[in-house]
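Reading through the structure tokens given below for one structure.
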Amino acid sequence: MEAVTISYDKTIKSHFPADQEVLICLFPFNHQVFADHFNWEADLKNTYPLLAPKSWKEISDDIGFNSLNRLAKGILELQDTFQSELKDYCEWKKIDFPDYVSDKIPVGLLIPLIRYFKYKGLTDLLTKKLERFPDSKNKIVPFKNKDEFDIYLEIEEAKSLKSKDGIEILLPDYDCPYALMIGSKRTCLDIVKACDIEYMETNNHKRFDWWNQD
């Protein structure tokens, strides 16, 4: 699969082959388990097991939004009512918003994906350069003699990842609270189940800014 040139006036699925599944993998919320000043990502081997993710659906239902579109508008600060309600809720429950401004696939997605690929016997991942991310690079990251945290350090800035079994994970845009997973339907669904990734399925009408669609 070649690097994708995104056109935001087109639907998500129109960018990919018709026989490929395209899943929207939501960046997780996390309970606040570390002090604000503590750089927990500097010691992932010890801190990663302490992460406590919370799903979009649970938060949406808890607040009373009952809509992931409304929740996304709150996360992205697109509508004052949803933004303020979500902010108050997260302060009360001590929950951190999904980190979408760093333009990185979050550790809560990447570590489970690395573990999955290693378990399936893959020996490397390819990072791909995307025009919309000038700092992105093409490189092969081998797995040999590395644990998942070593590998994470080599791909944490990647904007697009591709595995030899045809799965691609990519960021569609700057400041976006989700990544796309593209590949065979069976494999994609196996991955999100094995990695406990919260996701949405796409259809022929879903746009990149799906939160603005009814």
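The values are calculated or read from the model by the stated rules, or taken from the named source; none is laboratory data. All values derive from a computational prediction rather than experimental measurement. A quick note on method: Cβ atoms are made from the backbone with ideal geometry, for glycine too, and the neighbour counts reach across all protein chains shown. Quick note on the areas: whole protein, heavy atoms, side chains included, nothing else; ligands and nucleic acids left out. Shrake-Rupley method; radii C 1.70, N 1.55, O 1.52, S 1.80 Å.
Summary table
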read-out: The range 162-208: chymotrypsin sites (Phe, Trp or Tyr not before Pro) in DSSP loop, at most 14 other beta carbons within 10 Å; value: Tyr174
read-out: Dipole magnitude of the range 40-96, debye to nearest 20 (Cβ charges: Lys/Arg +1, Asp/Glu -1, about Cα centre); value: 160 debye
read-out: Theoretical ellipticity at 222 nm over the chain - DSSP helices of four or more residues, -39500 (n - 2.57) apiece, nearest 500; value: -8500 deg cm²/dmol
read-out: Rounded to the nearest 10 Å², the accessible area of His15 at probe 1.4 Å; value: 40 Å²
read-out: Estimated Rh, the range 40-96: Kirkwood, alpha-carbon pairs, angstrom; value: 12.3 Å
read-out: Within the range 1-97, trypsin sites (Lys or Arg not before Pro) in DSSP loop having at most 15 other beta-carbon neighbours inside 10 Å; value: Lys10, Lys94
read-out: Number of Lys pairs (Cα under 19 Å; 8 or more positions apart or on different chains) in the range 40-96; value: 9
read-out: Rounded percent of accessible protein surface that carbon and sulfur make up, the chain, 1.4 Å probe; value: 47 percent
read-out: Thr127 - accessible surface, heavy atoms, 1.4 Å probe, Å² rounded to 10; value: 10 Å²
read-out: Contact order normalised by residue count of the chain, Cα under 8 Å, 6+ apart, percent; value: 32 percent
read-out: Compactness of the chain, expressed as Rg and Dmax over alpha-carbon positions, Å; value: 17.1, 50
read-out: Accessible area per residue, Å², the chain with all protein chains present, probe 1.4 Å; value: 53 Å²
read-out: Rounded if a/c under 1.5, otherwise prolate or oblate - the range 89-214, Cα gyration tensor axes; value: rounded
read-out: Dipole magnitude of the range 1-108, debye to nearest 20 (Cβ charges: Lys/Arg +1, Asp/Glu -1, about Cα centre); value: 160 debye
read-out: Accessible surface of Cys176 - all protein chains present, 1.4 Å probe, nearest 10 Å²; value: 10 Å²
read-out: For the range 160-175 versus the range 1-42, the gap between their alpha-carbon centres in whole angstrom; value: 8 Å
read-out: Overall dimensions of the range 5-64 as given by Cα atoms, namely Rg and Dmax in Å; value: 17.6, 46
read-out: Karplus-derived HN-Hα couplings along the range 139-154 (A = 6.51, B = -1.76, C = 1.60, θ = phi - 60°), whole Hz, x at Gly and Pro; value: 7, 9, 10, x, 9, 4, 6, 10, 8, 4, 6, 4, 5, 4, 4, 8
read-out: Selection from Tyr174, Ala52, Ile105, by position along the positive dipole direction of the chain (Cβ); value: Ile105
read-out: Estimated dipole of the chain in Debye, rounded to 20 [Cβ of Lys and Arg +1, of Asp and Glu -1, Cα centre]; value: 820 debye
read-out: Relative contact order [Cα under 8 Å, 6+ residues apart], the range 40-96, whole percent; value: 18 percent
read-out: Rounded FRET efficiency, nearest 0.05, which uses the C-beta distance separating Asn39 from Arg186 and R0 of 41 Å; value: 0.55
